[in-house]
Amino acid sequence: EMCIRDRFNQLNENAIAEACSALGAQEPTDFLRVRCAYRMTPCQTKPFMVTTPIYYVNAAPHIGHVYSTLVADAVARYHRAKGEEVFFTTGTDEHGQKVAQAAEKLGKTPQEFTDGVAGEFKKCFEAMHFSYDHFIRTTDALHEKSVQEIWQKLESTGDIYVGKYQGWYCISDEAFLTDLNVKDGVNREGVPCKVSIESGNECKWVEEENYMFRLSKFEEPVLKWLKENPRSVVPEFRRREVIKFVEGGLLDLSISRKKSTCHWGIAIPGTDEHVMYVWLDALSNYFTSSRLGKDGTLLGWNESGVWPADLHVLGKDINKFHAIYWPAFLIAAGLQPPTSLVVHGWWTKDKQKISKSLGNGFDPIQKANEFGHDALKYFLLRESSFCDDGDYSDRNMILRLNAELADTLGNLVMRCTAEKINDKQEWPEPNEITEKDRRMIQAMEALGGTVDHYFLIPDIQRALIAIFDVLRMLNTYTTETAPWTLKKTDEVRLATVLRVIMEGVRICVTLLQPVLCDAAPAILTQLGVPVELWSHWEKTNALSFGRIPSGTPLGLATPQAKFNKKDVPAL
């Protein structure tokens, strides 16, 4: 029988959808005044595959690239810590007319140009300490082989045909557009022209004989995937945007360019006149990556056991391509669509759009070096929800560093490890548990299920909020129990209070490992937590109170375990 909650959701579907869109909510439980309690889900047996978009090599890495990769990195680290096998991929999109033009301007071949830019992305991601397993380039020979196999599969089912494309084409966006997607505007030189409504970039009218994909044939299968899988696209309002678009009807899609127009692309089997259009080539990178064997060879279509991807991370500007074209290609090829797409917004700086004309861009690596990698990663993930654009400012960065990392977390670590309070420098044996202690223990033991729930959506901001809610509760508990006073008056009670604080810090920091990649291990080491309790939480029961034997000695403090405050700039 349908439960009351499901029946209510069904009867009020439109009202809930409007509320979710207006308030940036992901699920109806977000509106409840009483928080839901969640259990941690079992580890999945299939490797968890998470991807970033592959980044177009027309520009050096910037905050948008770093943020997408950071989100994927945090999710990958979470699932590894939970105890799952993870396959995390990123890479570069290296074909297309725009790339060939950029290379020509610099007097380079397209391959020379893309080699250089791909190297810049790798250096950036290494500098940011991202933990990807594979970096794919669409110029890789194995990718060329894989995408040609997909083409032949689609051709064999009759879903590719030769047709004539007449319409608008945006070189900057590498996108074919209809009359509904363009408007009158001006180009960068101020000359009147048609521009993309979405990006504002110049569009040109083209008439070409191209290979076409029967996208219209897959309108219903794509709608079925979107509607039957509530987490097919996250946040919820993005999923409803895509559903509305598909319900308006899909037109067949041009998937090739003539070599006379664009020579820099993957060759199409059976013809010398065309190359593959960038989106079939680019989107197929995810499937190529899933097929890579440990010896560097290309495995059979279903041989690796990695596909389908569990999560694609992407920006809102490429949602349509991933949520419509990609599942259609996959369904046509007899493959499963991805489990989920998470679509995030863009970044502004000091409440202004980042642009070359304003000269207000900022280097994430420079900010990481200035404030600390962990502090920057925490700020970016805590400051921005996937429902809105995020805004960066040094002032807000420092405010979060000082108030949340240095004070809320750092002070707790200092209080429970300081020799003035913990003179034996070990985990004390708790004595009688009071009702106040019990409430604190319940909050920390419930945290693992809550964080798991939000990371699986994923909603990393809400996961971090939940962790710091418990840390703030611990700070209040510490203030109310005053261990510095108990040290002088009641050593028996002090042992219990100290144990509760240390367990709370341990559990919270264990769950912060996906974001505080340097500080969390350093704090766990300082607390003397055995490495086997840092991960595989279900198997080790690591997130329960009392897992550390009494008498376990504390470890050594290191600089990585401390967050240094910065002076807050004046307004």
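The values are calculated or read from the model by the stated rules, or taken from the named source; none is laboratory data. Note that this is a predicted model, so its numbers are computed, not measured. Here the Cβ positions follow ideal geometry from the backbone for every residue, glycine too, while neighbour counts run over all protein chains shown. Quick note on the areas: whole protein, heavy atoms, side chains included, nothing else; ligands and nucleic acids left out. Shrake-Rupley method; radii C 1.70, N 1.55, O 1.52, S 1.80 Å.
Contour minus end-to-end for Lys217 and Val492, with contour as 0.36 nm per residue of separation and end-to-end as the Cα-Cα distance?
Numbers: separation 275, 0.36 × 275 = 99.00 nm, distance 7.33 nm.
Length difference between fully extended and current span is 91.7 nm.
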Original post:
Just the accessible area for Glu432, please: 1.4 Å probe, Å², rounded to the nearest 10?
Top reply: 150 Å²
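Kindly sort Thr297, Thr408 by accessible area of their heavy atoms, largest first, with the probe set to 1.4 Å.
Numbers: Thr297 60, Thr408 15 Å².
The residues order as Thr297, Thr408, largest area first.
Counting Lys and Arg as +1 and Asp and Glu as -1, each charge on the Cβ, what is the dipole of the range 285-358 about the Cα centre in debye, to the nearest 20?
Values: 8 positive and 5 negative charges, 97 e Å.
For the range 285-358, the charge dipole is close to 460 debye.
For the chain, calculate the relative contact order in percent as a whole number, restricting contacts to Cα pairs under 8 Å that are 6 or more residues apart. Let's see the in-between values first.
Details: 916 pairs, mean separation 88.8, N = 571.
Once divided by the residue count of the chain, the mean separation gives 16 percent.
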Original post:
Can you give me the Cα centroid spacing of the range 443-483 and the range 532-547 in angstrom?
Top reply: 16 Å
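The range 330-431: which GluC sites (Glu not before Pro) are DSSP loop and have at most 12 other beta-carbon atoms within 10 angstrom?
Numbers: sites: Glu370, Glu383, Glu404, Glu419, Glu426; in loops: Glu419.
Here the GluC sites (Glu not before Pro) that fit, given the DSSP loop and packing criteria, are Glu419.
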**OP:** Give the accessible area for Leu399 in Å² (nearest 10); use a 1.4 Å probe, count only protein heavy atoms, and leave out ligands, DNA and RNA.
**Re:** 70 Å²
Subject >> Set of aspartates and glutamates near Lys224 by C-alpha distance (under 20 Å), chain-local residues within fewer than 8 positions excluded >> reply: Asp6, Glu13, Glu27, Asp159, Glu236, Glu241, Glu247, Asp252, Asp310
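Report the local net charge at Glu435: Lys and Arg +1, Asp and Glu -1, summed over other residues whose C-beta lies under 15 Å from its C-beta. Don't skip to the end; give the middle numbers.
Working: positive: Lys436, Arg438, Arg439, Arg493; negative: Glu432, Asp437, Glu480.
Every neighbour counted, the sum reads +1.
Sum up the charges of everything whose Cβ sits under 9 Å from the Cβ of Ile398, counting Lys and Arg as +1 and Asp and Glu as -1, but leave Ile398 out.
Working: positive: Arg395, Arg400, Lys565, Lys566; negative: Asp394, Asp567.
Summing Lys/Arg as +1 and Asp/Glu as -1 gives +2.
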Original post:
Each label point is 7 Å from the Cα along the Cα-to-Cβ direction; what then is the distance between the points at Asn201 and Asn431, in nm?
Top reply: 6.9 nm
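Here is the link list: Lys217/Lys316; Lys164/Lys259; Lys122/Lys367; Lys349/Lys377. Which ones come out longer than 22 Å on Cα distance?
Working: Lys217/Lys316 25 Å; Lys164/Lys259 15 Å; Lys122/Lys367 18 Å; Lys349/Lys377 16 Å.
Distance filter (> 22 Å) returns Lys217/Lys316.
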**OP:** Enter the angle in degrees (range 0 to 90, nearest 10) between the Cα long axis of helix 219-228 and the first principal axis of the Cα atoms of the chain, meaning the one along which they spread out most.
**Re:** 10 degrees
Original post:
Using a probe of 1.4 angstrom, how much of the accessible area of the range 446-571 is carbon and sulfur, in percent?
Top reply: 57 percent
Original post:
Given Cα pairs under 8 Å that are at least 6 residues apart, what percent is the relative contact order of the range 441-571?
Top reply: 24 percent
Subject >> Estimated FRET transfer efficiency when R0 is 45 angstrom, pair Arg188-Ala570 (beta carbons, to 0.05) >> reply: 0.75
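Please give the FRET efficiency for Lys420 paired with Asp391, using the beta carbon to beta carbon distance and R0 = 41 Å, rounded to the nearest 0.05. Each step should come with its number before you reach the end.
On the way: r = 41 Å, r/R0 = 1.00.
Efficiency for this residue pair is about 0.50.
Any idea of the accessible area per residue across the chain, 1.4 Å probe, to the nearest Å²? Let's see the in-between values first.
Working: 25540 Å² over 571 residues.
Value returned for the chain: 45 Å² of accessible area per residue.
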Subject >> In Å², nearest 10: area of Thr45 left accessible to a 1.4 Å probe >> reply: 140 Å²
Subject >> Nonlocal amide H pairs with Cys193, under 5 Å, H built at 1.01 Å >> reply: Gly185, Val186, Asn187
Original post:
When the chain is fully extended, how far beyond the present Cα-Cα distance does Ser156 get from Lys316, taking 0.36 nm per residue of separation?
Top reply: 54.3 nm
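If DNA, RNA and ligands are ignored and the probe is 1.4 Å, what is the ranking of Leu311, Leu180, Leu299 by accessible area, most exposed first?
Largest accessible area first, the residues go Leu180, Leu299, Leu311.
Using a 1.4 Å probe and counting only protein heavy atoms, arrange Ser535, Ser289 so the residue with the most accessible area comes first. Before the final figure, lay out each step's value.
Details: Ser535 30, Ser289 0 Å².
Highest to lowest solvent-accessible surface, that is Ser535, Ser289.
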**OP:** Take the Cβ-Cβ distance between Glu480 and His62 as r, set R0 to 51 Å, and report the resulting FRET efficiency rounded to the nearest 0.05.
**Re:** 0.65
Original post:
Hey, what do the phi angles of the range 494-506 turn into as Karplus ³J(HN,Hα) couplings, whole Hz, using 6.51/-1.76/1.60 and θ = phi - 60°, x for Gly and Pro?
Top reply: 4, 4, 5, 4, 4, 5, 4, 5, 5, 5, x, 4, 4
**OP:** Report, ordered by chain and residue number, the lysines lying within cross-link reach of Lys424, taken as a straight Cα distance under 28 Å and ignoring same-chain residues fewer than 8 apart.
**Re:** Lys436, Lys487, Lys488, Lys562
Subject >> Label point at Thr45 placed 7 Å out along Cα→Cβ; residues across the range 442-461 whose backbone nitrogen lies under 14 Å >> reply: none
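Asn302 to Leu399: extension gain in nm, 0.36 nm per residue of separation minus the Cα-Cα distance?
Numbers: separation 97, 0.36 × 97 = 34.92 nm, distance 4.88 nm.
Stretched fully, the Asn302-Leu399 segment lengthens by 30.0 nm.
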Original post:
Lys/Arg Cβ at +1, Asp/Glu Cβ at -1, dipole of the chain taken about the Cα centre: which of Ala570, Gln526, Thr479 is farthest positive-ward?
Top reply: Thr479
Original post:
Which aspartates and glutamates have a Cα less than 14 Å from the Cα of Lys420, not counting those fewer than 8 places away in the same chain?
Top reply: Glu491
